[in-house]
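As structure tokens, the structure follows; a few thoughts come after it.
Nothing in this text is a laboratory measurement; each read-out follows from the coordinates by a stated rule. These numbers were taken from a predicted model, which means no experiment stands behind them. Positions of Cβ are generated from backbone atoms using ideal geometry, with glycine treated the same way; all protein chains shown enter the neighbour counts.
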Amino acid sequence: MTVFLKAGGNLRAMIKPDVDHYTRKLEIEGGKSIGEILEHISLNPAYVALMYVDGAMKDLSYKPADGETITLQPPVSGG
Amino acid sequence: MPISRFETERYQRQLMVDGWDQERLKRARVLVAGAGGLGGLSATYLAEAGVGYLRICDSDKVELSNLNRQILYTAPDIGKPKAMLAAKRLYAQNPEIEIDAVQDTLTETNAGELAAGCDLIVDGLDNHAGRLVLNKASFDLNIPYIYGAINEWLGQLSFFNPPKTACLACLMPGDLNAPERTPVFGALAAVVGSLQATMALKYLMTGEIPDANVLLIFRADTMAFEKVTFERRPGCEVCGKAAPSGTRR
């Protein structure tokens, strides 16, 4: 199935975008969790502060459906 | 607490805003923790709007690298304590309000004392560890907390007041692995600080929680706002514990 990873900040380069400046398209086996997807692209989840799908916060155990976009938020800590 | 004729003239334009309650703002007491890019901006708008009491806490002195975003300070201020300068500038903008400057670092030990007696905490900090301290004090004292943070082109904010909402530790409980100095610019700090101030004014005048359990994210590089919903985390080490009796509303 197809999922999309989207990221800004310092995570953007880590996901290696190929759809647009922020987005990477991935073909993966169904039933994979976000944690497994991050492992698949060798991205350490410690760099991800938050993750959400379709406007709802998720965690690493969430298993995205075909076509969903997972947005990965880097640490946002400045002021 | 009625407002004077002089205040009626000062606040004339906002008194025309539907639902505006100047007397309630005059009674309000707010801790602004941090007087930098976010806190300096939100404190400015809270002062101008006539929030009756502001407590401004910051331990830092002005540095040259602050001046890209921290609107309360100018080049001659370099080396001077921010909290004192901020109080002076805000008082010059609105001498009708009371302002306390606290030149101190926010810690687990003093956070409760700093927030005590306030109706609201507004986050103007520049690090997540400090925000978690603020979040804990907010929970312990049952004082709502308006979180805000920026990094590069990203800004985000939310309103926390457990058990009516989740808390910051439900969402981001630990170290974020963020660098000590994050990339930030002034216009984005102004957007987020201004949104925090708007949220604060709305809450102080109505007592209503604006957008419970929603993280508002602004992506300045694409000019996009996103709302992301979240829930309380049952095992949260801050608000997941039973509250001391009699301390929750």
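For the stretch A:2-73, the relative contact order comes to 41 percent (Cα pairs under 8 Å, sequence separation of at least 6).
Amide H contacts for B:ARG55 (H built 1.01 Å from N in the peptide plane; partners 5 or more residues away or on another chain; cut-off under 5 Å): B:VAL30, B:LEU31, B:VAL32, B:ASP100. Remark on chain A: hydrodynamic radius 12.4 angstrom, per the Kirkwood mean of 1/r across alpha carbon pairs. As a ratio to 2.2 N^0.38 Å, the alpha-carbon radius of gyration for the stretch A:19-58 is 1.23. Over the protein assembly as shown, all Cα pairs binned in 10 Å intervals from 0 give whole-percent P(r) values of 6, 26, 32, 22, 11, 3, 0, 0, listed from short to long. Net charge of the neighbourhood of B:ALA129, taken over other residues with C-beta under 12 Å away and scored Lys/Arg +1, Asp/Glu -1, is -2. Take every Cα pair under 8 Å whose residues are at least 6 apart in sequence, average their separation, divide by the length of the stretch B:5-229, and the relative contact order is 21 percent.
Less than 5 angstrom separates the built amide H of A:ILE70 from those of A:PHE4, A:LEU5, A:LYS6, all sequence-distant by 5 or more or on a different chain. Each other residue within a Cβ distance under 11 Å of A:ASP18 adds +1 if Lys or Arg and -1 if Asp or Glu, for a net charge of +2. Note on the stretch B:14-123: the alpha carbon radius of gyration divided by the globular reference 2.2 N^0.38 Å gives 1.06. Counting beta carbons within 10 Å around each of B:ARG5, B:ARG27 and listing the fewest first gives the order B:ARG5, B:ARG27. Per residue of peptide B:149-160, the mean number of Cβ atoms on other chains within 10 Å of the residue Cβ is 4.
Given R0 = 22 Å, the distance between the Cβ atoms of B:GLU98 and B:GLU9 translates into a calculated FRET efficiency of 0.65.
For the protein assembly as shown, adding -39500 (n - 2.57) for each run of n ≥ 4 DSSP H residues and dividing by the number of residues yields -8000 deg cm²/dmol at 222 nm.
Across the stretch A:39-46, coupling constants 3J(HN,Hα) worked out from phi with the 6.51/-1.76/1.60 Karplus curve, θ = phi - 60°, read 4, 4, 9, 6, 9, 5, x, 5 Hz, and Gly and Pro carry x. Electrostatic tally near B:LEU168: other residues with Cβ closer than 12 Å to its Cβ, Lys and Arg +1, Asp and Glu -1, net +2.
Size of chain B from its Cα atoms: along the principal axes, largest to smallest, the extents are 51, 41, 39 Å. Our coupling estimate for the stretch B:126-137, obtained by passing each phi through the Karplus curve with A = 6.51, B = -1.76, C = 1.60 and θ = phi - 60°, is 10, 7, 6, 4, x, 5, 5, 5, 4, 4, 5, 5 Hz, Gly and Pro reported as x. The A:HIS40 and B:SER194 beta-carbon pair, evaluated with R₀ = 56 Å, returns a calculated FRET efficiency of approximately 0.90.
Rg of the Cα atoms in the stretch B:139-183, relative to 2.2 N^0.38 Å, amounts to 1.32.
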